[in-house]
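Trainee: Once you've had a glance at the structure underneath, I'll fire off some questions.
What follows draws every value from the coordinates through simple rules; no lab data is involved. All of these numbers come straight from a predicted model, not from anything done at the bench. Here the Cβ is made from the backbone with ideal geometry for all residues, glycine too, and neighbour counts use every protein chain on show.
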Amino acid sequence: MDSLIFTPGKIGPVEIKNRIIRASAYEGMCENHAPSEQLKEYHTALARGGVGMTSVAYASVCKSGLSFHRQLWMREEIVPGLKELTDSIHANGAKACIQLGHCGNMSHRSICGCIPYGASRGFNLYSPTFVQKMNREQIDEVADAYGKAVELAIEAGFDAV
C-alpha cells in the first residue's frame with residue numbers, strides 16, 4: 001500500500017510498525033482494579049489485528065483517584081498481571097501504552113473511599129458529594145503517585161505512558 005498510515009513511525013524513541021494507534025478509552029475490564037484475562041484478550045486481539053500500538057486506558061495512580069468500579073489502579077501487586085498483558089501485546093507485534101490519571105474532583109466517593117479532592121472545592125454531581133480543595137499533603141501524594149505509577153508501568157513492560 002502507498003498510504004503513509006501503514007508505514008513505520010516513531011514517537012520519541014519508540015518505533016511503531018505503523019501509524020495505527022488504539023487511543024485510550026475506558027474498558028471497564030479490571031475486576032478489583034486489577035488487569036483481567038478479558039483486558040489481556042481485548043488488547044491482544046487489537047495487536048493481532050494489526051494496530052501499531054494499543055493504549056490501556058485510565059489507570060488511576062492511587063486509590064483516591066478512582067472513579068469506576070472496574071477501573072485499573074496502579075500498585076505493586078498488579079505488576080505481574082500487567083506484564084502478562086504487555087508480553088501478549090508484544091508477542092503479537094504491537095507496542096503497549098498506558099494512560100495514567102487521577103480523577104480528582106470527579107472521583108467517586110464510594111469507590112475511592114474518601115471525599116474527592118481537586119484543584120478547587122465544589123460539588124461533584126457524578127458522585128454526588130462535596131469536593132475538597134487539595135492541600136499540600138494531597139498534592140505531594142498525587143505527584144508522588146504519578147512517579148511511582150510510571151515506574152510500575154516501566155517494570156510491567158509498557159513502551160509508553
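Trainee: Check V161: other-chain or 5+ apart residues with amide H under 5 Å from its amide H, H built from backbone geometry?
Mentor: Here I98 satisfy the definition.
Trainee: Identify which of I21, I11, I98 has the largest mean-square fluctuation in a Gaussian network model of the chain, with springs joining Cα atoms closer than 10 Å.
Mentor: With Cα springs under 10 Å in the chain, the top fluctuation among I21, I11, I98 is at I11.
Trainee: Under 1.5 on a/c is rounded, so check that first for the range 60-156, then, if it is not, pick prolate when a/b is larger than b/c and oblate when it is not; a ≥ b ≥ c are the square roots of the alpha carbon gyration tensor eigenvalues.
Mentor: The shape class here is prolate.
Trainee: So how tilted is helix 37-49 from the main axis of the chain? Cα-based, degrees 0 to 90, rounded to 10.
Mentor: Between the helix axis and the principal axis of the chain, the angle is about 40 degrees.
Trainee: Right, something else. GNM on the chain, C-alpha springs below 10 Å: top fluctuator among G12, G104, G147?
Mentor: Highest fluctuation among the options: G12.
Trainee: When the chain is treated as a GNM, springs tying every alpha-carbon pair under 10 Å, which of R19, R136, R70 comes out with the largest mean-square fluctuation?
Mentor: Judging by the Gaussian network model, the answer is R136.
Trainee: Taking 7 Å along the Cα-to-C-beta vector as the label spot, tell me the S120-R136 distance in nanometres, rounded to one decimal.
Mentor: That separation, rounded to one decimal, is 2.3 nm.
Trainee: So, one more: How many Lys pairs in the chain lie less than 28 angstrom apart by Cα atoms, where the lysines are 8 or more positions apart or on different chains?
Mentor: Lysine pairs meeting both conditions in the chain amount to 19.
Trainee: How much length, in nm to one decimal, is gained on full extension between A25 and E41, taken as 0.36 nm per residue of separation minus their Cα-Cα distance?
Mentor: Contour length minus Cα-Cα distance gives 4.2 nm.
Trainee: So who's got an amide H within less than 5 Å of the one on T129, skipping anything under 5 residues away but keeping other chains? H placed 1.01 Å off N, in plane.
Mentor: N124
Trainee: In µm²/s, what is D for the range 1-146 at 20 °C and 1.002 mPa s, where D = kT/(6 pi eta Rh) by Stokes-Einstein and Rh is the Kirkwood radius from Cα pairs?
Mentor: Estimated diffusion coefficient is 130 µm²/s.
Trainee: Here is a further query. Mind checking the full-extension length gain between H69 and L4? Use 0.36 nm per residue of separation minus the Cα-Cα distance, one decimal, nm.
Mentor: Between H69 and L4, full extension yields an extra 19.5 nm.
Trainee: Can you give the % of DSSP beta bridges in the chain that are antiparallel, to the nearest 5?
Mentor: About 35 percent, rounded to the nearest 5.
Trainee: Given only helices, namely DSSP H runs of n ≥ 4 each adding -39500 (n - 2.57), what is the per-residue ellipticity at 222 nm of the chain, to the nearest 500 deg cm²/dmol?
Mentor: Per the formula, -9500 deg cm²/dmol.
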